Amino acid sequence: MHIHAYSWLGEKELFDRESLRRPPARPRPPVTGEEEAYYREDQERYRTLLETFRHSELPPLETSLWLLKSPALIRATFEEPKDAAAWLGRELTEHAPGFLSHQEADTARLARLVTTAAERLTHGTDVSFGFYLGRTSFLSLALVTCTPNHWCPGVACPLTR
């Protein structure tokens, strides 16, 4: 198992558009011959939407679905959970001065988040946090276990696709 790190900083309004953060649904196979042409069109539309989802920098609704995204979005890869948690700690420390809530920026709280993240990653669980920065910005940080991922065991590592 290894761990990929992802981060996104952008407008909260864009983050809230859930339809952009969800992969497209696969078209159902045709039942009759008349549905064949529609199915081919649906397949092409599905492929286009899937490529759009894969290359979008927006965080997916489900943390594990980062693995479907482009490998270019991976910020770092770690073999050890403690190293991944240390990355999270550095990101939190860097952005904490901009957190909208002073309680979220509390150093003891952030240290607990990092410790908890290391423990969760050790057990193969993904980690995802989000924070408001100012009134309209949002920071998303995620650590996703890979090969295998508990929630998406059939998804190949983005670095090997």
* Per-bin percent of Cα-Cα distances, the range 67-110 [10 Å] -> 24, 39, 31, 6
* Please report the orientation-averaged projected area of the range 114-157, defined via the convex hull of its C-alpha atoms, in nm². => 3.9 nm²
* Asked: Expressed as a whole percentage, what fraction of the accessible surface of the chain belongs to carbon and sulfur atoms when a 1.4 Å probe is rolled over the protein heavy atoms?
  -> 53 percent
* Structure fact -> HN-Hα couplings for the range 106-123 via Karplus (6.51, -1.76, 1.60; θ = phi - 60°), in whole Hz with x for Gly/Pro, come out as 4, 5, 5, 5, 5, 4, 5, 4, 5, 4, 4, 4, 4, 5, 5, 5, 4, 9
* How big is the range 1-51 in terms of Cα radius of gyration and Dmax, in angstroms? -> 16.7, 47
* To do: For the chain, state what percent of all Cα-Cα pairs lands in each successive 10 Å bin, counting from 0 Å until the bin that includes the largest distance.
  => 10, 34, 32, 15, 6, 3, 0
* Asked: How large is the charge dipole for the chain, taken about the Cα centre, if only the Cβ atoms of Lys, Arg (+1) and Asp, Glu (-1) carry charge, to the nearest 20 debye?
  -> 160 debye
* Structure fact -> Of the residues Gly154, Ser137, Pro97, the Cα lying farthest along the dipole of the range 61-161 towards its positive end, which is defined by charges on the beta carbon of Lys, Arg, Asp and Glu, belongs to Ser137
* So how tilted is helix 36-55 from the main axis of the chain? Cα-based, degrees 0 to 90, rounded to 10. -> 20 degrees
* To do: Find the Rg to Rh ratio for the range 35-85, where Rh is the Kirkwood radius over alpha-carbon pairs and Rg uses the same atoms.
  => 1.19
* Solvent-accessible area per residue, Å², over the chain with all protein chains present [probe radius 1.4 Å] -> 58 Å²
* Please compute the net charge surrounding Arg28, taking Lys and Arg as +1 and Asp and Glu as -1 over other residues with Cβ under 10 Å from its Cβ. => -1
* Asked: Expressed as a rounded percentage, what relative contact order does the range 1-138 have, with Cα pairs under 8 Å and six or more residues apart?
  -> 33 percent
* In nm, to one decimal, how far is the Ala156 label point from the Leu61 one, both placed 7 Å along Cα→Cβ? -> 2.7 nm
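The values are calculated or read from the model by the stated rules, or taken from the named source; none is laboratory data. Just so it is clear, the structure is predicted and the values come from calculations on it, not from any experiment. Counting neighbours? That spans all protein chains shown, and the Cβs are built from the backbone with ideal geometry, glycine included. Just the protein is used for accessible areas: all its heavy atoms, side chains included, with ligands, DNA and RNA removed. Shrake-Rupley method; radii C 1.70, N 1.55, O 1.52, S 1.80 Å.
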